[in-house]
Each structure stands twice: as C-alpha cells, then as structure tokens.
Amino acid sequence: MEKFSSQPMNSQHQKNSLATSPQPTVLRLAEAEENDQGLRNLLGFLKRRGLVIVGVATVIMGGMTYLTLTQKAEYQGSFRLLVEPVKEENTNLNKLTDTNTEVGGKQNLDYETQIQVLKSPELMNEIANNLKVKYPEINYDYLARFLIIQRLNQTKVIEVTYRSDDKKKIKPVLDRVAETYLKYSLEKRQSKLRQGIQFVDKELPAIKNRVESLQKELQIFRQKYNFIEPNIQSEEISYALRQLRDERLKVNQDLAKARANLNYLQQNNGKLTVLKDSASYQQLLAQLRQVEAQIAFEKTRFQEENPAMQTLIEKRDNLIPLVEQEAQGALTTKLAEVTNELQALEQRSQVLAKSEQRFTEQTKLYPVLARKYTELQRDLQLATESLNRFLSTRENLQIDVAKNELPWQLIQEAVEPSKQSSPDVQRNLLLAIIASSLLGTAAGIVMEKLDNTFHNIDTLKAKLEPAILGAIPLDKRLQNASVSTRIPDTAKSLESLRVIQTNLQLIGSESPVRSVVVSSFSTGDGASTVAFHMAQVASSMGQRVLLVDANMRQPQVHSLSNLRKDGGLSDLLSGEISLDEAFKRVSSTGELHVITAGSIPPDPAKLLSSGKMKMLMEDFHHHFDLVIYDAPSLEGLADTSLLAPYTDGLLMVVRMDKTDCSVVQQALDNLKMSRINILGVVANGYNAKVLG
C-alpha cells in the first residue's frame, strides 16, 4: 500500500530514472515487472479457485480409481491367419498364376468384405453350436461382442482376438474359431469360384452379341453419313461455311457497286463521264468544235453564201451526226458491260446462297449425327469393357480353380494367456491423475471466466475511470472491529486508511474535502466499516470529525461504535429529539462524534430529501473539519443520490472478489447522468498475501 499512496511522486522519479538509465535496463525491469504480475495473477487464481480445483480433481481421481480397482479382470488371446500367398518373385509364371493381385498391383482380396463374412451369422452360429456343448453361455451375440476380427496393418494377415474373464476358456474358443475359418477357406471359397465361372459362362454369349451388334450399327452409320472423324469433319464444314459466307459477302458488295454504277450511267452525269472516257467521241467532238470555230472566224470576213462558208457549214453538218452516233454507241457499249457484270454477279450470289444453305443444313444436322455417333461409340466401349472384364474374370477364376485355391494358413496359434489384459492399473491411475488435474483446472478456469468480480487492484484501475484512493487489505479484525479495538492495530490496515485519508485531501488541495458520502455499489461491500475507520483515523490525526449513519435501512455504525441505535438521525429529522441529544461522542478516539441511524422509518428517502436534512448538512459542514455520511448501497436505492450533491463528493467502496463489474459500470453510468462528483474508489478486502 505504500507504493500506492506515493504513486504520483514515484512516477516523476521513475521518469527521471528512465531518462538516465540504459534502454536494456528498462527492458529488463519491464520484463521483471510483467513476470511478477503474471506470477501474482496465477497465485491469485490458485488462491481463489484452489478449493474447486482440488475438489473436482479429487472426485474424478476417486471415481476413476474406484472403477479401476473394482473392474473385473479380463484375459485376451489371439491367432493369426495368412489369407493371401506371399509373392516371392516377379516371374512370368507368377504373373500367370498369382490370382491375389489384379492389374495395377491392387489386391484382389477385399478385406473389409471378407471380415464381414467371417462375422456373419452363418459362420458364427456354426462356431457357437460347436462350443455350446462345453460352454452353454456362448451364442452368436456373445461371439459378436467378445470376438474381434481385423486386418493386421497393411499385411495379408487377419488377426482374430477373443477376450474373457475365464482364461481357461480362451484357447479352446480360439481353436474352434480357427478350425472353422480354415475349413471355410478351403470349401466355401472354392465352391464360390466354380459358381463364379458358371455365372461368367452364362453371361458371356449375350455380352458378345451385344458388342457385335453395336459394331455393325456403328459401321452402317459411318457408311450412311460418311462419318469418319467427327471432330475433323465438323471443323471442315464450319470452315467451308465461313468461306462461303465471306465470298458471298464480297459478291454482294460487288453487286451493290454494279447496281449503283448502272443507276449512275442512266443519269446525265454518268453519260457525260462515259463520253469523257471515249477517245473516238472526244476526237470527233474536237473536230466539230474546230469547224465551228472556223465558221465563226470566217463569218467576220464572208457572207454565208460564200463558197468557203458553205463548205465549212457542210462539214459541220456532216460531223454532228457522227458525234451523236459515236456518243450513242459509247453509252450503249458501257451500259451493256455494266448490265452483263450485274447479271453475272447476281447469278454468282444465287449459287453461293444455295451452297451456304446446303452447308447450313448440314451444320444443323451434324450435332444430332455427332451425338448419335458418340452414343454408339460409348455403348460399344462399355460393352467391350464389360466383355473384357468377364473374359479376364473367367481366366482368373479358371487359374484359381486349376491351382485348387490354396487354403488359408494358420501362422500363429492361440495360447492360454498368462496375465490379465485389463484393467491396466498403472496406466489407468496415471490417466486418472492427468484427467483429474486437467478437469479440475478446467473447472477452476470456467468458474474464473464466469466470475465477473474484481480480483486485483490492476483490474480495478483498468476498468474504473474514478481514481483509486486506496486499498484496504483483508483483515477479519478490521471487518468486525468495534470501538473496543479503537484504530486497527495491524500496520497494513492502519497505513491503508491513512493513505486513503491523505489521498482524499490531496484531491481537494485547492478547497479541502470537508464532507463526503461513503457508499458502495452493492450491499455487503463494507462501506460502513470503511466509513467508521476513516472517521477514527481522521480524528486520531487531530481533526474534528462527525460520522453520520445515513443508512436508515440497514444501519451498522452503532454496532461498530458500540452505541445505541435509537435517538439518531431519523429521530432528529422527525423532530423527536434535539440536535444535542443526537450527538454521541466516542471519547476514547479523540474528536470523533457520531450520529447513529435512529429508529428505522417507513420512508428513509423522504427524510433524506427533506429541507431539514439539507439545513443539518450545511450546519455540520460549518462546525466540523470532516463530516462522513455512511449511505446505503447504490443498488436500487436513491438515498446516496439525495445526499451526495450537498457534500464535496462521493467515495465508493468496492469489495474485492465480491462486487460485480457490470453492477459497478451501470452504477457509474447512472452517477454520470446525475452529475454527482465522484471523489474516488476504495478497494476493500484485497488479499495482501497474494496480491502484494
């Protein structure tokens, strides 16, 4: 607690030390403090839950020990059968005669199925009937319960185990089981081989006919539809169709150009373009223009009757029909060319359209043909595989029969056990110790998780916003202290109360705290005890102190101070006694005055909220150095909220390992809304031996 009371001073000192100390030293100190905190938390957990851990572990240990020691002794025996020949050499002869392996190295014997056959009622009842003469209690259910058949790892060995509380019975039973299984391997399995060959011979003709029919149907289908390689043919048809579409698109483009050219030629601009491109027409036109130019020139010199003029006019008249004739011929020739080209393109487009339609129809029909072809191939493949399996099975069965099916071999006989197989006392006790320890610890951890109380000061600091003014160690003498004990005589308790008193005054350094309400979050947290001893310590420090028991529901101050309860606060507020009569002085503890709770009223909240109570509180404040009000807990009561606003603040008491965290948080939220000044929190009853 000394560390706690001097924390502000030590914090500054630590900052100065850290500023001058090497970093590795700081890290080592932090690690040491963290390890020390972890050890304290572990010790605290063991202290709180040790009884639960030991109790659960003891019960489980006792139960398992009792079951182990009272369990009836059992004995166990077994024999082993080699159920497949050991493959020695990989020779061609072995490949031909070895029926225990299939293609790919897979084992032919289905061990799971074979074990189920060995457990079948047919074989078990035969064994039970042979054993009933000597052991009447043995039947199918008995053998199914106590007989264990399993494959020995991945070997070719089957191990049969039998357990019983009579060790004399184990060897005879196992011998009978081994004899029956060896007989089964020689007779039953060989008979099944012959039946298998008969079944294969019966089914083979139908399967062969099925294969031949499918082969013939596939051949006819290929010939009818020219189906050789469906994938390649499909690609060829698709490619040809794309080529036709591309070519037809190009032809249609040329056809559109030709039609546009024909329309253009039928217009004046088109005709002019054709005549412009005709060399003979341009030559005649040039001659005509030259003659007209000469006529125009000669008109300036001669009359039209002049022979020279007449000759030029006659020449012009002869050229005009020739020009017109040449123009008509050029236009007719060009139109004929364009018309012929247009007709050729239209015919080509029609041919391509028919070819495209034919290939499109083939493309639509092809998926149906391909599916039919695939189905025929699949059916043929399945039928062929089935035929091959039957032929292979028949060959293997014939080889097995030819070899006369080697019987199983007993490689390890059953013997009478010399010691019990269960219970293993040493192992069971060791498991009991481990299980009980783990379950006991788990039970303690579960209870710790379900416990929502405060266990140490660090948790209290982390979860509460108000300052922790101090912590009072667990001290039964303090919890039950009366006036006869005066101030607690234990050093830690006394120092803790002094620290709380000092920190309370430090909070109000500007204006000292002269009145405080002491309350708790739940009933039984020790607020009355803390309030009483705080008053004792303050009076011993020379202060004039008044302790008022405002808990008129469950008053405790009169018991702690060894005073009478009547003639107290409730009587004063109701006017039954005077103020002087209400004061009770505890002379043996210095200037400590007490006002007990008085008679329990029907409505304490009404008295505490009265105007007279406010006047009394103001009067107390002026006449005493410190007034401490012991108020009821906040748990569903408004008493504390009625008193706190008229004091310097509220001091809350938290009982370690008792007060519920959720109750504390809810109460603090309510206090925030009511704007009551919370001076701080006192941790009451922490275990100093564990938490330090």
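The values are calculated or read from the model by the stated rules, or taken from the named source; none is laboratory data. All values derive from a computational prediction rather than experimental measurement. Neighbour counts are summed over all protein chains in view; Cβ atoms, including those assigned to glycine, are modelled from backbone coordinates with ideal geometry.
Somewhere in the range 142-155, is a residue farther than 27 Å from Pro85 by Cα, under 49 Å from the mean Cα position of the chain (by Cα) and basic (Lys, Arg)? Steps first, please.
Residues of the range 142-155 farther than 27 Å from Pro85 by Cα: 142-146.
Narrowing the set further to residues that are under 49 Å from the mean Cα position of the chain (by Cα) leaves 142-146.
Narrowing the set further to residues that are basic (Lys, Arg) leaves 145.
Within the range 142-155 (the criterion being farther than 27 Å from Pro85 by Cα, under 49 Å from the mean Cα position of the chain (by Cα) and basic (Lys, Arg)), the answer is yes, since at least one residue qualifies.
Yes/no per residue for (1) closer than 25 Å to Ile457 by Cβ; (2) among the charged types (D, E, K, R):
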| residue | (1), (2) |
| --- | --- |
| Phe620 | no, no |
| Leu634 | yes, no |
| Leu642 | no, no |
| Tyr646 | no, no |
| Met652 | yes, no |
| Asp669 | yes, yes |
| Ile678 | yes, no |
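Evaluate the following for Leu616: is it part of a loop (DSSP other than H, G, I, E, B) and either under 25 Å from Ser561 (Cβ atoms) or not assigned by TED's automatic domain parsing to the domain that holds Leu469 (or both)? Quick ask: steps written out before the conclusion?
Values: part of a loop (DSSP other than H, G, I, E, B): no; either under 25 Å from Ser561 (Cβ atoms) or not assigned by TED's automatic domain parsing to the domain that holds Leu469 (or both): yes.
So Leu616 fails the test.
Scanning the range 538-554 for residues that are crowded, with 23+ Cβ neighbours inside 10 Å and under 22 Å from Ala683 (Cα atoms) yields a total of 6.
Residues in the range 268-278: is at least one touching a Phe, Trp or Tyr at 6+ places or on another chain (Cβ under 6 Å) and in a helix (DSSP H, G or I)?
So in the range 268-278, the residues touching a Phe, Trp or Tyr at 6+ places or on another chain (Cβ under 6 Å) come out as 270, 275.
Subset that is in a helix (DSSP H, G or I): 270, 275.
Yes, the range 268-278 contains at least one residue that is touching a Phe, Trp or Tyr at 6+ places or on another chain (Cβ under 6 Å) and in a helix (DSSP H, G or I).
Of the residues that make up the range 420-433, is at least one under 18 Å from Ser540 (Cβ atoms), out of contact with any strand residue (DSSP E or B) (no Cβ under 8 Å at 6 or more places or on another chain), modelled with pLDDT of 65 or more and in a helix (DSSP H, G or I)? No: the range 420-433 contains no residue that is under 18 Å from Ser540 (Cβ atoms), out of contact with any strand residue (DSSP E or B) (no Cβ under 8 Å at 6 or more places or on another chain), modelled with pLDDT of 65 or more and in a helix (DSSP H, G or I).
Just to verify a result, which residue in the range 457-496, among those that are of a type in the set (Lys, Arg) and within 22 Å of Asp657 (Cα to Cα), is modelled with the highest pLDDT?
Looking only at the range 457-496, we keep the residues that are of a type in the set (Lys, Arg), and these are 461, 463, 476-477, 486, 492.
Of the ones still in play, those that are also within 22 Å of Asp657 (Cα to Cα) are 461, 463, 476-477, 492.
On the way: Lys461: 77, Lys463: 70, Lys476: 55, Arg477: 54, Lys492: 72.
It comes out as Lys461.
Just give me the residues in the range 160-182 being acidic (Asp, Glu), touching a residue at least 40 places away in the same chain (Cβ under 8 Å) and within 17 Å of Leu410 (Cα to Cα), in sequence order.
Here is the first cut: in the range 160-182, the ones acidic (Asp, Glu) are 165-166, 175, 179.
Cutting the leftovers down to touching a residue at least 40 places away in the same chain (Cβ under 8 Å) gives us 165-166, 175.
Result: Asp175, single match.
Tell me whether the range 319-326 contains one or more residues that are over 30 Å from Asp246 (Cα atoms), loosely packed, with under 12 Cβ neighbours inside 10 Å and at pLDDT 80 or above.
The initial filter retains those residues of the range 319-326 that are over 30 Å from Asp246 (Cα atoms), namely 319-326.
From the residues that got through so far, the ones that are loosely packed, with under 12 Cβ neighbours inside 10 Å too are 321.
Next, only the ones that are at pLDDT 80 or above stay: 321.
Checking the range 319-326: at least one residue is over 30 Å from Asp246 (Cα atoms), loosely packed, with under 12 Cβ neighbours inside 10 Å and at pLDDT 80 or above.
Counting only residues that are within 47 Å of the chain's Cα centre (by Cα), surrounded by fewer than 23 Cβ atoms within 10 Å (Cβ to Cβ) and part of a helix (DSSP H, G or I), the range 632-666 holds 5 of them.
A quick yes/no check of all residues on (1) touching a strand residue (DSSP E or B) at 6+ places or on another chain (Cβ under 8 Å); (2) among the polar types (S, T, N, Q); (3) within 30 Å of Leu494 (Cα to Cα):
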{"site": "Val537", "(1), (2), (3)": "no, no, yes"}
{"site": "Asp549", "(1), (2), (3)": "yes, no, yes"}
{"site": "Pro555", "(1), (2), (3)": "yes, no, yes"}
{"site": "Leu563", "(1), (2), (3)": "yes, no, yes"}
{"site": "Ser578", "(1), (2), (3)": "no, yes, no"}
{"site": "Ala597", "(1), (2), (3)": "yes, no, yes"}
{"site": "Lys614", "(1), (2), (3)": "no, no, no"}
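Among the criteria (1) within 23 Å of Ala279 (Cα to Cα); (2) without any contact (Cβ under 8 Å) to a residue 24 or more places away in the chain, the one Ile320 does not fulfil is (2).
Looking for whichever is touching a residue at least 24 places away in the same chain (Cβ under 8 Å) and either outside the structural domain of Asp201 (by TED's automatic domain parsing) or at negative phi (or both) here; the options are Ala336, Ala344, Ala308, Ala327. Which one fits? Break it down stepwise before answering.
On the way: Ala336 fails: touching a residue at least 24 places away in the same chain (Cβ under 8 Å); Ala344 fails: touching a residue at least 24 places away in the same chain (Cβ under 8 Å); Ala308 fails: touching a residue at least 24 places away in the same chain (Cβ under 8 Å).
Exactly one residue qualifies, and that residue is Ala327.
Scanning the range 586-607 for residues that are crowded, with 18+ Cβ neighbours inside 10 Å and within 16 Å of Glu576 (Cα to Cα) yields Ile595, Thr596, Ala597, Gly598, Pro601, Pro604, Leu607. Once the range 514-528 is narrowed to residues that are at pLDDT 90 or above and not in a strand (DSSP E or B), the residue that is farthest from the chain's Cα centre (by Cα) is Arg514.
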